[in-house]
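Scroll down for the structure; my scribbles are underneath it.
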Amino acid sequence: MFSKNSLLFYTVVFLSNIIQCITGFAGTVLAMPFSLMLVGYDVAKPVLNVLGVAASIGVIASAPKSVNKHEFTKILSVMAVGILGGELIMMFSSVTSGVLYKLLGAMVLLFTVLGCIDEFFTKKSMPMLFKLKRKGDALDEAAGLLTLAVAGVVHGMFVCGGPLLVLYADRKLKDKQEFRTTLSAVWVVLNGLILLSDAMNGYFAEGTVAALAACMVVLLAAVAVGNLVARKLNRKAFMAVTYVLMAISGISLFIK
């Protein structure tokens, strides 16, 4: 519980959950590669998932009324269908997980570059997938649904659909607090289902529960720091942090 690897794991948990609180995503996908190396899959997956749920609840508790209920329902419904598709792909795919993670990493990096260009440099000539600004436009709505479906498929395959969901949320949720809390509400539900699956599959052995208990203490400090930092950022700084983290998320997938 207090070995060198465990202490490094707690440090990863602290830093990644500060990020989770600031942006409403990216905590798990940033922490997972390092956690796999430090404590192994059987501990890292269930512990990080529970922490992700808890951190998301902490974000929502800081401003519960800022959750956009309409977008929350839409995101959850479409991503749930995508998740089922992603799980079926993993079930029947013969491609190794290492290759799949690298493909996802390349996809996330591509979307990061396109998103940064759209957000910070130009609003013209972007692929239709990212033009999600004209409310009521049928083609625009179709592009939004496609983005959510792809995010769901990725989450079902890799449990890290956050970077793709950001591309949708950045267009639909302009207020940073609404952005954080709505995405956090989505992860509470989706990762809550994964938590139940982990429990049914026996992931929570005695050693895992002990590690989780220690990490919960670390999480409380991370949530406090993350919420404080989030209140200090303006929108431009907030989205800059978000896209930097998307890039790190994509790069981190190449070392899984």
Mind checking which residues of segment 35-61 are over 21 Å from LEU165 (Cα atoms), free of Cβ contacts under 8 Å to residues at least 40 places away in the same chain and part of a helix (DSSP H, G or I)?
SER35, MET37, LEU38, TYR41, ALA44, ALA61
Within segment 168-189, which residues are aliphatic (A, V, I, L, M), closer than 16 Å to GLY82 by Cα and crowded, with 23+ Cβ neighbours inside 10 Å?
VAL186
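Going by what's in this entry, would LEU164 be described as without any contact (Cβ under 8 Å) to a residue 60 or more places away in the chain, hydrophobic (A, V, I, L, M, F, W, C) and surrounded by 16 or more Cβ atoms within 10 Å (Cβ to Cβ)? Lay out the reasoning, then the answer.
Numbers: without any contact (Cβ under 8 Å) to a residue 60 or more places away in the chain: yes; hydrophobic (A, V, I, L, M, F, W, C): yes; surrounded by 16 or more Cβ atoms within 10 Å (Cβ to Cβ): yes.
Yes, satisfied.
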Take the residues in segment 190-247 that are of a type in the set (Phe, Trp, Tyr) and at pLDDT below 90, then tell me which one is surrounded by the most Cβ atoms within 10 Å (Cβ to Cβ).
TYR243
So is ALA205 out of contact with any helix residue (DSSP H, G or I) (no Cβ under 7 Å at 6 or more places or on another chain), over 26 Å from THR73 (Cβ atoms) and in contact (Cβ under 8 Å) with a residue 60 or more places away in the chain or not?
yes
Within segment 153-186, tally of residues that are β-branched (Val, Ile, Thr) and outside any helix (DSSP H, G or I):
1
Please find, among GLU206, GLU178, the residue that is under 22 Å from PRO46 (Cα atoms) and among the acidic types (Asp, Glu).
GLU206
Leading residue by the ranking (modelled with the lowest pLDDT) among those in segment 35-61 that are farther than 19 Å from VAL217 by Cβ and in contact with a helix residue (DSSP H, G or I) (Cβ under 8 Å, 6 or more places away or on another chain):
LEU36
Looking only at residues in segment 23-66 that are of a type in the set (A, V, I, L, M), surrounded by 23 or more Cβ atoms within 10 Å (Cβ to Cβ) and in contact with a Lys or Arg (Cβ under 9 Å, 6 or more places away or on another chain), which one is nearest to SER252 (Cα to Cα)?
MET32
Members of segment 100-159 that are modelled with pLDDT under 70 and of a type in the set (Lys, Arg):
LYS123, LYS124, LYS131, LYS133, ARG134, LYS135
Just to verify a result, which residue in segment 90-102, among those that are touching a Leu at 6+ places or on another chain (Cβ under 9 Å) and of a type in the set (A, V, I, L, M, F, W, C), is surrounded by the fewest Cβ atoms within 10 Å (Cβ to Cβ)?
VAL95
Applying the selection to segment 62-79, what residues are touching a residue at least 40 places away in the same chain (Cβ under 8 Å) and part of a helix (DSSP H, G or I)?
SER62, PRO64, SER66, GLU71, PHE72, LYS74, ILE75, LEU76, VAL78, MET79
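The values are calculated or read from the model by the stated rules, or taken from the named source; none is laboratory data. Not measured: the values here are computed from a predicted model. When we count neighbours, we look across all protein chains shown, and the Cβ atoms used for this are built from the backbone with ideal geometry, even at glycine.
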